[in-house]
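The numbers here are math on the coordinates, done by the rules we state, and not lab data. Just so it is clear, the structure is predicted and the values come from calculations on it, not from any experiment. Backbone-built Cβ (ideal geometry, glycine too); neighbour counts: all protein chains shown.
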Amino acid sequence: MELLQGLLNRVSIQRLESPPPTKAQLEVMLQAALRAPDHANLKPWRSVMVAGEGLTELGAILHQAQLERAPESDAQTLERCIKMPHRAPSILVLIASPKKHPKVPEAEQIQATAAAGHAILLAAHAQHLGAVWRTGWVVSHPMVREAFDVTADEQIIAMIYLGTPSVTPKPAPIISSQDFIKHWH
Ligand SMILES: Cc1cc2nc3c(=O)[nH]c(=O)nc-3n(C[C@H](O)[C@H](O)[C@H](O)COP(=O)(O)O)c2cc1C
């Protein structure tokens, strides 16, 4: 019952403040991720926690990356890049790291990583943390990839912003399932 409540009510929380997850809370999130469905149990992902000074360092990298992708960027855009990581007190960078396997194609390993990402969001919610899964251009920019030692075979699947909700979470929307199911024969 409790599990269902969490599954049905999780929402993203964009406004996050300190404190970041404790070590124990992070461990619960990682254990949940490690229980995600995973063909052949390859655990085809890794993650990197960014907090404290790391957020400032990441902001500086995003600033450089923005200058590289759009040298004409105005001061406001560049400032936004510097501040971007500070939208939460921590960011868990989730990286798909596919393994060579005779039966499990890369696509399935990416899917397994996404399932792990969802488990992290749910485990955050279950611990009254706030979380939001973000991507955007930053996840594929070479400077960002280099910062997290992302190899040519890997990809950043999510930047999961994590912290303490600074707003009351909005209620989960009510959506009819009828457009999403057909009963066959
Ligand atoms: C692969 C993926 C990438 C996403 N990238 C972004 C993003 O860059 N920025 C953003 O605001 N939301 C992004 N989202 C969506 C949010 O995480 C969130 O799911 C969405 O705003 C809906 O809110 P809800 O989770 O409360 O239903 C992404 C979601 C997924 C699954």
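Couple of notes before you dig in:
- Considering only residues in the range 156-180 that are more than 11 Å from the ligand (Cβ to nearest atom) and crowded, with 19+ Cβ neighbours inside 10 Å, the one that is farthest from V50 (Cα to Cα) turns out to be G163.
- Scanning the range 55-72 for residues being crowded, with 16+ Cβ neighbours inside 10 Å and over 12 Å from V138 (Cβ atoms) gives a total of 1.
- Candidates A107, A112 - the one that is more than 13 Å from the ligand (Cβ to nearest atom), within 16 Å of S47 (Cβ to Cβ) and assigned to a helix (DSSP H, G or I): A112
- Per this entry, L94 is counted among residues that are in contact with a Ser or Thr (Cβ under 6 Å, 6 or more places away or on another chain) and within 16 Å of the ligand (Cβ to nearest atom).
- Candidate set: the range 131-141, residues that are touching a residue at least 24 places away in the same chain (Cβ under 8 Å) and surrounded by fewer than 18 Cβ atoms within 10 Å (Cβ to Cβ); chosen: the one farthest from the ligand (Cβ to nearest atom): W137
- Filtering the range 95-108 to residues that are in contact (Cβ under 8 Å) with a residue 60 or more places away in the chain and either surrounded by fewer than 23 Cβ atoms within 10 Å (Cβ to Cβ) or hydroxyl-bearing (S, T, Y) (or both) leaves I95, H101, K103, V104, E108.
- Selection count, the range 154-185, where residues are touching a Phe, Trp or Tyr at 6+ places or on another chain (Cβ under 7 Å) and among the small types (G, A, S): 1
- Positions within the range 31-48 being under 29 Å from P171 (Cα atoms) and either of a type in the set (D, E, K, R) or surrounded by fewer than 16 Cβ atoms within 10 Å (Cβ to Cβ) (or both), in sequence order: Q31, L34, R35, P37
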